[in-house]
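Written below as structure tokens is the structure these notes are about.
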């Protein structure tokens, strides 16, 4: 059993509010989103959590038990927020510099940075786009407080001295081919015969493609095309240029891509590297950034799931400080 903690909090809110509609108002989301969240939780728990007969939405015995856990999780989250706010007026203020590679900037970093200014009026976040290599250099030199990158779990970077690393999210890779091809290739031999869209050496997509090639016995020769970022890969897919390996959440949103039931070894990660003041010690502004990034990561995962864009949800790592 692998229960998503945030869904337990939603279940607890339904119990406290007395129904789905009232819980939705408290949570600031739609009633249908609450219902979908509870159905996913029921699948995870393997048991009905709500009695929906005769239009009711009362918790079952299993639902009441899990709601109690959700209540304790909600209390811990509230305590974490109070602690952060308590360092708050005095601690969560001043400049904090955030660097992000393009893929994370567009999906998470810009959204999180905008909301930081609203939550902490005395905080002055500065967001800049950077490359992985330049960002790591800036982090080592103290020019960045937080660096957001993507990577492959088997090749996760070691944080620079006096820095820590948080895994924000993990997800599977997917194989896709242009829908314009019509009938998709089936089997290793067919996949070996089609052109592929490659990735820069040392990138997460390159590592994933190499493992897939070894698994299926695909040619190890250079790909017919090369895309340095997801937007370029999407454009090549729309043009029908080749098959591609992408992170699941990206593949699901790429227009003109047909996903294949081909497992790709490995795990794609979204990482936050950050400066420490001492071993295990994080400045309040940096802690605020990490916490908000975790929240936005959860929000994005839920939005993709509600939209039905994910066959398998990413694993989101909540950051509580």
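Any read-out appearing in this document is the output of simple, stated calculations on the displayed coordinates, not a laboratory observation. Not measured: the values here are computed from a predicted model. In this analysis, Cβ positions are derived from the backbone assuming ideal geometry, glycine residues included, and neighbour counts consider all displayed protein chains.
Using Cα pairs under 8 angstrom and six or more residues apart, how large is the relative contact order of segment 114-191, in percent?
Taking the mean separation of contacting Cα pairs over the length of segment 114-191, I get 14 percent.
Using a 7 Å offset from Cα along Cα-Cβ at residue 180, what residues in segment 204-233 end up with backbone N under 20 Å from the label point?
In segment 204-233, the label zone of residue 180 (backbone N under 20 Å from the point 7 Å along Cα→Cβ) covers 223-233.
Give the label of the value calculated from the structure for semi-axes √(5λ) of the Cα gyration tensor in Å, choosing from (i) 41, 22, 16; (ii) 35, 30, 15; (iii) 33, 25, 18.
Only one listed value fits the structure, namely (ii).
Using 0.36 nm per residue, how much length does the chain from residue 141 to residue 43 gain when fully extended, once their Cα-Cα distance is taken away?
Taking residue 141 through residue 43 to full extension adds about 30.5 nm, to one decimal.
How many percent of DSSP beta bridges within the chain run antiparallel, rounded to 5?
70
Relative contact order (percent) for the chain, with alpha-carbon contacts under 8 angstrom and 6 or more residues of separation?
Result for the chain is 20 percent.
Would you mind putting 16-22, 296-302 in packing order, based on average other-beta-carbon counts within 10 Å, highest first?
For the peptides 16-22, 296-302, the packing ranking is 296-302, 16-22.
For 145, 152, 162, 134, which order do you get if you count the other beta carbons within 10 Å of each Cβ and list the fewest first?
162, 134, 152, 145
Between residue 30 and residue 61, what FRET efficiency comes out of the Förster formula 1/(1 + (r/R0)^6) with R0 = 25 Å and r the beta carbon distance, rounded to 0.05?
Computed FRET efficiency for residue 61 and residue 30: 0.35.
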